[in-house]
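A short worksheet on the structure shown next.
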Amino acid sequence: MGLVPCPLPCHTSTESNEESSASNSTSSLLSESSTFSSLSSQPSLPSVPSLTPSKSNQLVVLRSPSVHHCCIATLQSQSYICTLALSGNFLYSGSSDGQISAWSSTLSRPSNPQYNRVVATVATPSTVKFLVVVGSGDDRNKLLFSAHQDHKIQVWKTNTTDTYEKLKCIATLPTLKDRVTRFLRSKNYVQIRLHKNGTWEHHIDTVSALAISNDGSFLYSASWDRALKIWRTSDFKCLDSISNAHDDAINAVILSSDGAFVYTGSADKKIKVWTWRKDKSISVKLVGTLEKHKSAVNALAFSTDGSVLYSGACDRSVLVWERDGGADGGGGDMVVVGALRGHTKAVLCLAVAADLVCSGSADYSVRVWRRLSSGPVGGDLNRSYCCLAVLEGHKRPVKCLTAALDNSDSDHSGDSYFVYSGSLDCDIKVWQIRVPFS
């Protein structure tokens, strides 16, 4: 592993739009064969209004020619980058060879090259599919949860200083105590395959996504086995499991901003909305199903204020969902207001930072969108998005993203953001986006 200077020059969005237009005119659906269905691009959605420029659309995309973007570093790994998580001074990456690495996030400062390095690496027995952190950035006892292709979830305790990170595995879910307790009772067994039973707290296929409750008390795990599980982070006990939550593999799970609703996206083309409450036991209830995608849903993300849900799928579009103005506020009462289009292949990942929305695709690019304004469905206010930048430089599909506002930037003429993209080309790229105040 290591860091190399990024050879890509800085660009303005005007340059990016010209390059993107030329690229889009010659691009086609994914030409390389892939064993991953999520990399397969499907036809776009003709029934959904586009958020790209159109004379007839109320939903338009505006362009800001003064936005600058630049790749400032490339972090090299030995295998595919599958997941990224940002917390405090550290960027965590998980890869297909089972390695979890902690990078000093000050690597985004080329003026401090001594920090541009891996500060911790641990080996796990299976591909790391997802990472999520519990605890604030400066918490020296924060927990890192990793989801794996071998059906397990591992828990890592971090011992953090400003320039050093130590990771120690303290549990594997389900825990031995959990397994022994339920092993002896026949009621804890469910059918997991034809002629095969297992205890209900076990995932039986790749654990594809994780989410943490706002207070850090509960962990949600989603799997290609179509199950959604809820875990207590204090003792790592599995509290409930919804088997067959979808009709196909679950690829994404995310919580609403108030923590009241859980959203899952699946290869069955659906987004399902769940609510739960804790009385004497956990009670989980399906409260809505969002059906507009015509292909596998790969990624979900909420806007910072929690009012807008974004979903990315193999249909090459990012759908924009907003709360139905005439509804009672339930988590399932969301309607599609349009689509962000521009990718030429499947959308694989999403990330939100402040008012930016980033989408990564199997077309090797990252698109950066900005939400400018919003209004009620059918109202007089336009919903406006601008495509600020098209980040190009990866040589394989972009599998994961994370992003953050640069609060330390001293330039008062605009906002600065860092976007981190992980790809199947084994690289992590660090991008800086500068957006002037309007």
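Scanning residues 5 or more positions from S223 or on other chains, those with amide H under 5 Å from its amide H are S208, I250, with H placed 1.01 Å from N in the peptide plane. Extension gain, S66-E291: 0.36 nm per intervening residue step, less the Cα-Cα distance, totals 77.3 nm. The simple spin-label model puts a point 7 Å past each Cα toward its Cβ; for K237 and K177 those points are separated by 0.8 nm. Derived scalar couplings between HN and Hα for the stretch 124-134 equal 10, x, 8, 3, 8, 9, 7, 10, 8, 10, 10 Hz in order, rounded to whole Hz, by the Karplus curve 6.51 cos²θ - 1.76 cosθ + 1.60 (θ = phi - 60°), x for Gly and Pro. Spin-label pair T121-H151: with each label point 7 Å from Cα along the Cα-Cβ axis, the two points sit 3.0 nm from one another.
Quick note: the coordinates plus some simple rules give every number you see, no bench work behind them. If you're wondering where the values come from, they're calculated on a predicted model, not measured in any experiment. Cβ coordinates were reconstructed from backbone atoms using ideal geometry, including for glycine residues, and neighbour counts include every protein chain displayed.
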